[in-house]
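The values are calculated or read from the model by the stated rules, or taken from the named source; none is laboratory data. Small disclaimer: the values here were computed from a predicted structure and weren't measured. Virtual Cβ from ideal backbone geometry, glycine too; neighbours counted across all protein chains shown. Surface accessibility is based on the protein's heavy atoms, side chains included, excluding ligands, DNA and RNA. Shrake-Rupley method; radii C 1.70, N 1.55, O 1.52, S 1.80 Å.
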Amino acid sequence: MSVTPTHRTFADRHMGVTADSDRDQMLGALGFDSLDALVDAAVPADIRMDAPLALPGARSEEEILGDLRGLANQNTVMTQMIGQGFYDTHTPPVIRRNVLESPAWYTAYTPYQPEISQGRLEALLNFQTMVSDLTGLDVANASMLDESSAAAEAVLLMRRASKAAATAKAVIDQNLFPQTINVILGRAEALDFTVEVADLSQGLPEGDIFGIVLQQPGGDGAVVDHAAIIAEAKERGAMTTIIADLLALTLITSPGEQGADVAVGNTQRFGVPLFYGGPHAAYLSIRAGLERALPGRLVGVSRDAEGRQACRLALQTREQHIRREKATSNICTAQALLAITASMYVLYHGADGLKGIAERTHAHARTIAAGLTAAGIRVASASFFDTVTAIVPDRADAVIAAAADRGINLRRIDAGAVGISADETTTAAHVARVLEAFAAAGFDVAAPEAAALGDYAFDAALARTSDYLTQPIFWEHRSETQMLRYLRRLADRDLALDRTMIPLGSCTMKLNSTAEMESISWPEFAGIHPYAPADQTAGWRALIEDLERRLVEITGYAGVSVQPNSGAQGEYAGLNAIRAYHVARGESQRTICLIPASAHGTNAASAVLAGMRVVVVKNLETGTIDMDDLKAKIEKHAHELAAIMITYPSTYGVYDTDVREVCARVHDAGGQVYIDGANMNALVGVAQPGKFGGDVSHLNLHKTFAIPHGGGGPGVGPIGVAEHLLPYLPSDPRAVAGVAGSATPVVATLFGSAGVLPISYAYIAMMGGDGLTDATRHALLGANYIAAQLRDHFPVLFTGAGGLVAHECILDLRELTKVSGVTAEDVAKRLIDFGFHAPTLAFPVAGTLMVEPTESEALDEIERFIEAMIAIRAEIQEIIDGRFEVVDSPLRNAPHTAEGVIAGEWDRAYSREQAAYPVARLRTDKYFPPVARIDGAFGDRNLVCACPAPEAFED
Ligand SMILES: *Cc1c(COP(=O)(O)O)cnc(C)c1O
């Protein structure tokens with residue numbers, strides 16, 4: 001045997017099973033002698049790729065950081081005073097390092113299992129409290145995808161909640177940001193209702209109106225008293241949404257106090273970098289009474305089995321995973337990590353700190369306005385917060401160029417108007433340079449700034465008088481030591497990937513490597529404004545184009561757009577493309593979308609948002625689509641058939657062998673095929689949806705392509721489309737009246753959550769084509785190994801060719817539930833006592849658990865999971881054998897808190913040891929959840945969605 005020096009590639013690190021002996025043992029247990037043989041047996045031959053992925057060779061971690069450095073250097077970091085919804089901010093280093101860059105926070109999953117998510121749920125509750133206080137409204141959710149899409153959701157919310165006639169229209173003020181107007185118009189077009197853009201400073205237009213949308217400050221920076229128009233709207237039976245800047249609201253009367261029903265906006269400027277457009281957490285808050293119409297995630301307070309207060313997601317029956325096509329929105333992944341970052345920024349600064357930042361920002365804007373006025377330059381509105389619009393007939397380009405020469409980006413409104421936005425990072429030196437650029441130099445920039453403090457450039461009647469952020473949580477963490485410990489304390493309550501495998505079927509919780517993550521906070525990526533001129537963003541564009549090209553190769557489609565900032569947003573964008581295609585061919589009657597019963601809830605919810613009608617196709621007991629039912633539905637709706645949405649491999653974790661036939665039948669009837677790409681981890685390098693029948697797919701870069709889940713976001717949901725749909729990819733949201741022939745934009749910026757794209761870029765580049773394919777093969781190996789080891793203990797619900805599963809497997813608890821009373825939920829909660837995050841519970845089949853180990857888990861971790869499941873199975877047997885009742889069992893009483901196990905008398909039918917240390921290896925590494933089983937329904941009946949008020953702490 002020849003001896004070659006060991007050289008481990010990145011792929012070797014990414015894969016959990018690294019030793020040949022482990023791999024051989026796993027393959028042996030499955031009866032295969034190679035990974036290739038396993039893949040050949042599992043994946044239908046008629047969809048296999050005939051050549052390996054044509055991607056550049058794998059790069060090492062050192063090389064990729066060099067490549068990214070080179071790309072970063074092609075971007076120009078400027079002082080960003082463009083504004084228009086994006087403002088520079090200082091991310092406190094303690095928050096950057098210990099939240100944004102901390103795997104304890106960024107590798108966590110959406111808090112569906114609240115007992116192991118109390119840390120991030122508390123942080124999100126703080127976020128909701130902050131938003132609700134600043135906007136003066138009763139309830140805020142835990143995050144929207146971005147400001148423009150949040151505004152569109154607010155319009156839909158008003159439409160659902162208002163009592164106006166079905167033919168009523170929305171009226172939106174012309175002084176909203178242009179990107180927001182375009183995103184709202186796109187949503188309305190899909191749903192076929194009227195949105196009128198009007199100058200609402202002139203009063204309401206004629207006609208039936210269900211809701212109006214205003215902005216504070218307005219798109220041109222003007223701070224306006226909206227009370228009169230809101231009163232008029234109310235009189236006419238219309239609801240009001242205000243898109244509001246939260247920093248401005250520390251000084252200005254809140255939307256709630258002005259009479260608004262809904263407020264939306266971005267929380268980016270609370271410590272979240274510009275990120276070239278995203279990810280950022282938007283917010284949405286409502287007055288009491290609208291809770292059930294609220295889109296997105298809502299955190300609420302409830303209680304656990306031992307009487308403690310505990311948080312969990314509230315009112316989930318509004319959401320897509322339960323209500324499907326009747327859901328209040330299609331939002332699944334939101335922007336949890338960014339919401340948490342913003343909330344911590346607010347905790348760190350407190351009310352007085354925020355107000356100080358707002359006053360400094362405002363003072364700089366006042367100085368700019370004063371300097372311009374002194375130089376004879378007209379300022380569009382004398383009432384503003386941070387943004388001044390200078391009227392410079394025909395001089396806009398010259399002024400902007402002069403500012404750029406001085407390292408500053410300003411906003412070009414038109415040939416004769418320039419916007420200047422101050423922010424937290426603005427200094428007197430910046431102000432002086434801005435004035436120079438306008439040839440308004442020589443103004444004493446220091447003097448008026450000092451004079452301006454405490455005295456505002458807007459009507460005194462609009463100055464905020466109400467308190468905000470008075471709860472103890474907003475003044476307890478002002479020192480860095482306190483903040484550091486708070487962050488650590490919360491993180492320690494949670495189970496994220498940095499502690500345990502998260503075997504969540506459909507969610508692909510794989511490694512988020514440090515090398516992939518590192519570059520996202522480099523200023524040359526993070527500090528770029530989304531609307532910076534193209535000559536400053538060459539590095540970003542090169543990275544995105546390269547990533548898109550690689551995704552094209554991986555999916556087999558003709559083109560990709562990275563604009564959608566979640567999987568569900570990708571579904572909406574992809575279905576929009578399908579709809580636009582049918583309309584362009586004169587077939588606007590094609591609005592029926594076939595969706596299998598097994599589909600993810602977002603599919604149905606997105607179809608409705610894209611203006612389609614959902615028709616459900618049955619699944620057979622074997623899990624595959626019921627071909628007879630499909631044929632019947634196609635025949636019945638042939639004339640109106642727009643599309644079918646399928647997931648491949650199916651949500652049942654199986655490679656259906658007849659996928660080509662399903663696609664062909666829909667195509668023959670004139671429909672398009674949408675393949676949900678959430679399960680791409682079972683396809684990369686093996687089969688391409690663009691080649692076996694798909695017309696469009698979204699990918700979840702936050703599943704298959706290594707972007708972390710962030711505790712419930714960020715996500716990136718690019719869509720790949722076939723040639724004929726290329727013209728309908730989402731367009732630039734800033735384009736006036738859209739880009740001809742293209743589908744409407746879905747979010748505020750062309751590249752959506754660009755800021756996290758370096759992660760997927762690095763992942764793909766470091767893996768190379770072979771590494772990516774190997775990841776798929778290892779994903780299959782892990783899932784099949786678990787299925788094989790657990791099959792005798794828990795039936796595996798669905799299998800495909802050769803009794804094999806794809807990259808995940810469904811364990812069926814239903815028979816055991818019948819004979820023992822133990823539910824899949826009991827098993828999920830008992831796994832917490834073993835230190836595991838539960839598998840996917842009750843999706844896609846109630847009463848089951850769906851397990852996906854991914855390629856990143858080592859055999860030892862996989863064995864630890866198997867051992868836990870077998871131990872749990874033995875506990876179920878004890879109930880079946882009558883040793884104790886299910887209500888007295890360690891399963892029903894799970895999870896066990898430390899306090900519950902050690903305190904007081906122990907009168908359970910099982911020992912304390914069995915409660916806490918059911919297997920030996922827990923003795924050295926034990927996680928205790930901070931709360932016992934949470935009563936979700938109690939919280940829904942007694943809805944509390946904010947931190948306790950100060951009075952709650954009085955004795
Ligand atoms: C995760 C998932 C989605 C939704 O993606 P989000 O990014 O959460 O919006 C859609 N379909 C399937 C099958 C999924 O697993």
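List of remarks:
- Close pairs (8 angstrom Cβ cut-off, 6 or more residues apart or separate chains): of a type in the set (Val, Ile, Thr) in the stretch 519-541, part of a loop (DSSP other than H, G, I, E, B) and crowded, with 22+ Cβ neighbours inside 10 Å anywhere: Ile528/Leu274; Thr537/Ile528
- When the stretch 574-616 is filtered for residues that are among the hydroxyl-bearing types (Ser, Thr, Tyr) and more than 16 Å from the ligand (Cβ to nearest atom), the ones remaining, listed by number, are Tyr581, Ser588, Thr591.
- Odd one out for Asp352 among (1) away from the ligand (no atom under 16 Å from the Cβ); (2) among the acidic types (Asp, Glu); (3) touching a residue at least 40 places away in the same chain (Cβ under 8 Å): (3)
- Taken over the stretch 108-142, the criterion of being part of a loop (DSSP other than H, G, I, E, B), crowded, with 24+ Cβ neighbours inside 10 Å and not hydrophobic (A, V, I, L, M, F, W, C) is satisfied by Tyr109, Pro111, Gln113, Ser117, Asn141.
- Among the residues here, Leu495 does not qualify as touching an Asp or Glu at 6+ places or on another chain (Cβ under 7 Å) and either closer than 30 Å to Val805 by Cα or open to solvent by less than 10 Å² (accessible area, probe 1.4 Å) (or both).
- So Val673, is it of a type in the set (A, V, I, L, M), within 16 Å of the ligand (Cβ to nearest atom) and in contact with an Asp or Glu (Cβ under 9 Å, 6 or more places away or on another chain): yes
- A single member of Pro56, Pro44 is open to solvent by less than 40 Å² (accessible area, probe 1.4 Å) and not polar (S, T, N, Q), and it is Pro44.
- Residues that are under 30 Å from Leu124 (Cβ atoms), in contact with an Asp or Glu (Cβ under 7 Å, 6 or more places away or on another chain) and small (Gly, Ala, Ser) do not occur anywhere in the stretch 941-954.
- Output for the stretch 405-416, where each listed residue is under 36 Å from the mean Cα position of the chain (by Cα), surrounded by fewer than 18 Cβ atoms within 10 Å (Cβ to Cβ) and on the phi < 0 side of the Ramachandran plot: Arg412, Asp414
- Of the residues making up the stretch 865-892, those that are part of a loop (DSSP other than H, G, I, E, B), at negative phi and surrounded by fewer than 22 Cβ atoms within 10 Å (Cβ to Cβ) are Asp881, Arg883, Phe884, Glu885, Arg892.
- For Gly717, the conditions (1) open to solvent by 10 Å² or more (accessible area, probe 1.4 Å); (2) within 13 Å of the ligand (Cβ to nearest atom) are fulfilled apart from (1).
- Residues satisfying the stated conditions in the stretch 526-544, i.e. under 22 Å from the mean Cα position of the chain (by Cα), within 25 Å of Val183 (Cα to Cα) and part of a helix (DSSP H, G or I): Ala526, Trp540, Ile544
- The condition of being open to solvent by less than 10 Å² (accessible area, probe 1.4 Å), hydrophobic (A, V, I, L, M, F, W, C) and farther than 22 Å from Thr110 by Cα does not hold for Ala722.
- The single condition from (1) modelled with pLDDT of 95 or more; (2) out of contact with any Pro (no Cβ under 9 Å at 6 or more places or on another chain) that Pro5 fails is (1).
- Residue under evaluation Gly259, criteria (1) in contact with a helix residue (DSSP H, G or I) (Cβ under 8 Å, 6 or more places away or on another chain); (2) buried (at least 24 other Cβ atoms within 10 Å of the Cβ), criterion not met: (2)
Rundown of residues vs (1) touching a Leu at 6+ places or on another chain (Cβ under 9 Å); (2) under 30 Å from Ala838 (Cα atoms), yes/no style:
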{"residue": "Ala11", "(1), (2)": "yes, yes"}
{"residue": "Ala29", "(1), (2)": "no, yes"}
{"residue": "Gly57", "(1), (2)": "no, no"}
{"residue": "Asn75", "(1), (2)": "no, no"}
{"residue": "Phe86", "(1), (2)": "yes, no"}
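- For the residues Asp535, Asp546, the requirement of being charged (D, E, K, R), open to solvent by 40 Å² or more (accessible area, probe 1.4 Å) and more than 16 Å from the ligand (Cβ to nearest atom) singles out Asp535.
- Answer from Lys691, Lys703 - the residue that is open to solvent by 10 Å² or more (accessible area, probe 1.4 Å), on the phi < 0 side of the Ramachandran plot and within 16 Å of the ligand (Cβ to nearest atom): Lys703
- Scope the stretch 359-400; condition more than 18 Å from Ala432 (Cα to Cα) and crowded, with 24+ Cβ neighbours inside 10 Å; matching residues: Phe384, Phe385
- Top-ranked residue of the stretch 177-194 - restricted to ones that are surrounded by fewer than 21 Cβ atoms within 10 Å (Cβ to Cβ) and outside any helix (DSSP H, G or I), ranked as modelled with the lowest pLDDT: Asp192
- Filtering the stretch 767-796 to residues that are more than 19 Å from Gly677 (Cα to Cα) and either modelled with pLDDT under 95 or open to solvent by 50 Å² or more (accessible area, probe 1.4 Å) (or both) leaves Asp770, Gln789, Arg791, Asp792, His793, Pro795.
- Selection count, the stretch 143-173, where residues are charged (D, E, K, R) and either assigned to a helix (DSSP H, G or I) or within 20 Å of the chain's Cα centre (by Cα) (or both): 5
- For the stretch 486-517, taking the residues that are aliphatic (A, V, I, L, M) and in a helix (DSSP H, G or I), the one that is farthest from the ligand (Cβ to nearest atom) is identified as Leu487.
- Residue that is farthest from the chain's Cα centre (by Cα) [pool: residues in the stretch 200-229 that are closer than 20 Å to Gly85 by Cβ and not aliphatic (A, V, I, L, M)]: His226
- Residue, nearest to Pro52 (Cα to Cα), within the stretch 554-573, restricted to residues that are more than 7 Å from the ligand (Cβ to nearest atom) and in a loop (DSSP other than H, G, I, E, B): Gly556
- Scope the stretch 651-683; condition more than 24 Å from the chain's Cα centre (by Cα) and in a helix (DSSP H, G or I); matching residues: Val659, Arg660, Glu661, Val662, Cys663, Ala664, Arg665, Val666, His667, Asp668
- Residue check for Ile634: open to solvent by less than 20 Å² (accessible area, probe 1.4 Å) and part of a helix (DSSP H, G or I): yes
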